[in-house]
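Participant: Attaching a single structure in structure tokens format; questions to follow.
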Amino acid sequence: MDYIFIDKTIKTSIYKQISSSIAQAIESGRLTYNDRLPTEKEICDVFDVSQTAVKMAYQQLIHQDMIKRVKGRGTFVTNRKVYHQAFSDIYLFETHPKKDNIYQTTDLLFDCIDDEYIIQRMLKLEREASYYVIQRVVKENSQPIVYQHIYLPEQFFPELKKKYQKSMGMFSLIHDVYGLSINQIQNTFSPIKASSAEAQLLNILPSEAVYLVRSQWIDQHQRMVAYIVNYFPGEFTQFEVTVHARS
């Protein structure tokens with residue numbers, strides 16, 4: 001709370017001083033997304049000001065989209081950029097980043113598994129057939145935009161450990177490194193509530209909305225060469241969907 005400064009000897013209203021102090025702390029980076037702000041009562045007790053003034057300050061910041069209230073949890077900083085992309089191009093950030101954006105990929109897990117029947121079925125593999133699993137988070141300008149589980153059949157990606165680079169997009173890996181052509185991508189879209197682990201990785205609050213996108217990648221020989229599960233933060237993701245009408 002030491003980022004709030006109130007001078008009762010000047011004519012500037014108390015609520016404007018409170019809102020200005022918090023806004024400056026957010027703009028300077030002292031307060032960042034999801035930081036919890038003090039309650040109205042806590043500010044009243046420390047600075048001996050009216051609850052009406054604090055309420056007005058918070059309402060102004062809410063109107064400016066700088067903070068948000070979460071019922072039963074408190075008030076949080078919410079100055080976060082929305083990731084905007086055409087739904088058909090949701091993987092382009094991996095290989096074709098915009099010039100004014102910086103993307104970072106952080107790998108969380110790399111493993112080779114042969115005993116999870118559900119994934120084997122999704123990849124259309126025989127029982128006990130091995131596949132790679134990669135878990136990673138992709139960020140845009142330091143904010144998470146997607147948490148991914150990537151499943152790749154070992155038979156199509158031999159020596160993946162040696163050839164995989166975390167900065168490499170899936171299109172580059174599949175097409176350029178392994179010479180496979182993607183003929184079709186089938187996406188299934190579902191809104192869900194974030195688990196505590198997903199919320200932590202996506203820098204959102206638990207139970208907030210998440211877009212779950214399951215993608216099946218099929219090559220020119222109609223083989224399932226990849227299965228990718230994507231978690232996008234719902235409040236900070238916008239997809240464009242284009243519908244073509246038949247004449």
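The values are calculated or read from the model by the stated rules, or taken from the named source; none is laboratory data. Quick caveat: nothing in here was measured; it's all calculated off a predicted structure. Backbone-built Cβ (ideal geometry, glycine too); neighbour counts: all protein chains shown.
Participant: Only one of these conditions is not met by T9: (1) β-branched (V, I, T); (2) surrounded by 12 or more Cβ atoms within 10 Å (Cβ to Cβ); (3) at pLDDT 90 or above. Which number is it?
Facilitator: That leaves (2) as the condition not met.
Participant: Can you report the number of residues in segment 142-177 which are closer than 30 Å to V82 by Cα and exposed (fewer than 13 other Cβ atoms within 10 Å of the Cβ)?
Facilitator: 4
Participant: OK, next. For segment 211-244, which positions are closer than 25 Å to Q120 by Cα and among the hydrophobic types (A, V, I, L, M, F, W, C)?
Facilitator: Narrowing segment 211-244 to residues closer than 25 Å to Q120 by Cα: 211-232.
Passing the criteria: L212, V213, W217, I218, M224, V225, A226, I228, V229, F232.
Participant: Condition first: within 30 Å of V82 (Cβ to Cβ), touching a residue at least 40 places away in the same chain (Cβ under 8 Å) and surrounded by 18 or more Cβ atoms within 10 Å (Cβ to Cβ). Now tell me which residues in segment 21-52 satisfy that.
Facilitator: Of everything in segment 21-52, those that are within 30 Å of V82 (Cβ to Cβ), touching a residue at least 40 places away in the same chain (Cβ under 8 Å) and surrounded by 18 or more Cβ atoms within 10 Å (Cβ to Cβ) turn out to be I22, A23, I26, L31, L37, I43.
Participant: So I119 ticks every box in (1) at pLDDT 90 or above; (2) more than 30 Å from V54 (Cα to Cα); (3) touching a Ser or Thr at 6+ places or on another chain (Cβ under 9 Å) but one. Which box is left unticked?
Facilitator: (3)
Participant: Also: Counting only residues that are outside any strand (DSSP E or B), touching a residue at least 60 places away in the same chain (Cβ under 8 Å) and closer than 18 Å to V177 by Cβ, how many does segment 128-156 have?
Facilitator: As a first pass, look at segment 128-156 and keep what is outside any strand (DSSP E or B): 128-130, 141-142, 154-156.
After this cut, where a residue has to be touching a residue at least 60 places away in the same chain (Cβ under 8 Å) as well, the list is 141, 156.
Still in the running and closer than 18 Å to V177 by Cβ: 156.
Of the residues in that region, 1 qualify.
Participant: Taking S142 and the conditions (1) of a type in the set (S, T, N, Q); (2) more than 25 Å from R223 (Cβ to Cβ); (3) touching a helix residue (DSSP H, G or I) at 6+ places or on another chain (Cβ under 9 Å), which numbered condition does it fall short on, given that it satisfies the others?
Facilitator: Only one criterion in (1) of a type in the set (S, T, N, Q); (2) more than 25 Å from R223 (Cβ to Cβ); (3) touching a helix residue (DSSP H, G or I) at 6+ places or on another chain (Cβ under 9 Å) is unmet by S142, namely (3).
Participant: Within segment 1-44, can you find the residues that are closer than 23 Å to L202 by Cβ and either outside the structural domain of A57 (by TED's automatic domain parsing) or in a helix (DSSP H, G or I) (or both)?
Facilitator: Taking segment 1-44 and keeping what is closer than 23 Å to L202 by Cβ, we get 26, 29-37.
If the condition is that a residue be closer than 23 Å to L202 by Cβ and either outside the structural domain of A57 (by TED's automatic domain parsing) or in a helix (DSSP H, G or I) (or both), then I26 is the only one that fits.
Participant: Hey, which of the strands (runs of 3 or more DSSP E) in segment 167-247, taking only ones fully inside, have at least 2 residues that are at pLDDT 90 or above? Before the answer, list the steps.
Facilitator: Working: elements: 182-193, 209-219, 224-233, 237-240.
Strands (runs of 3 or more DSSP E) meeting the threshold: 182-193, 209-219, 224-233.
Participant: Pairs needed: first member in segment 174-197, among the hydroxyl-bearing types (S, T, Y); second member anywhere, surrounded by fewer than 12 Cβ atoms within 10 Å (Cβ to Cβ); C-beta distance under 6 Å; at least 6 residues apart or different chains.
Facilitator: Once the first residue is among the hydroxyl-bearing types (S, T, Y) and sits in segment 174-197, its partners that are surrounded by fewer than 12 Cβ atoms within 10 Å (Cβ to Cβ) give S181/Q220.
Participant: Name the residue that is surrounded by the fewest Cβ atoms within 10 Å (Cβ to Cβ), counting only residues in segment 53-84 that are polar (S, T, N, Q) and within 19 Å of N203 (Cα to Cα).
Facilitator: Looking only at segment 53-84, we keep the residues that are polar (S, T, N, Q), and these are 59-60, 64, 75, 78-79.
So of that shortlist, the ones also within 19 Å of N203 (Cα to Cα) come out as 75, 78-79.
Numbers: T75: 19, T78: 19, N79: 17.
Ranking the candidates gives N79 first.
Participant: Of (1) closer than 16 Å to I90 by Cβ; (2) buried (at least 16 other Cβ atoms within 10 Å of the Cβ), L180 satisfies all except one. Which?
Facilitator: Going through (1) closer than 16 Å to I90 by Cβ; (2) buried (at least 16 other Cβ atoms within 10 Å of the Cβ) one by one, L180 breaks only (1).
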